[in-house]
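Where a number appears in this text, it was derived from the coordinates with a stated rule and is not lab data. These numbers come from a predicted model, not from an experiment. As a convention, Cβ positions derive from the backbone with ideal geometry for all residues, glycine included, and neighbour counts pool all protein chains shown.
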Amino acid sequence: MAAKIKKGDRVVVLTGKDKGRTGQVLRVLPTENRVVVEGINVVQRHTRPSQLDPQGGIKNKEASIHVSNVAIADANGKAARVGFRMEGDKKVRFAKTTGDVI
């Protein structure tokens, strides 16, 4: 099945503590049906000092969020469902609300 959300897409969070916020997709985890969104679902990790990070301490990082809890942001910044259509010999994604190609 083709991916409806890809790396670099602008998405809107539909549920959870970050509901209504938008961000850019940093990573897609297709086997787990999850995505990592910039600035969304930020968690704190307590890291032990190591050679790579001699300071250690409490670090903030983005945790993954289930793909069903995000939607593509259309040109207006609102959540849109994604459809597929053929334009010439190319398959493209489009926002169902506006019809614009993503």
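Tabulated data
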| quantity | calculated |
| --- | --- |
| Span from the segment 40-77 Cα centroid across to the segment 78-93 one, whole angstrom | 29 Å |
| Ordering of 45-51, 6-12, 88-94 by packing [mean C-beta count within 10 Å, highest first] | 6-12, 88-94, 45-51 |
| ³J(HN,Hα), Karplus 6.51/-1.76/1.60, whole Hz, each residue of segment 75-82, x for Gly, Pro | 4, 7, x, 9, 5, 9, 7, 10 |
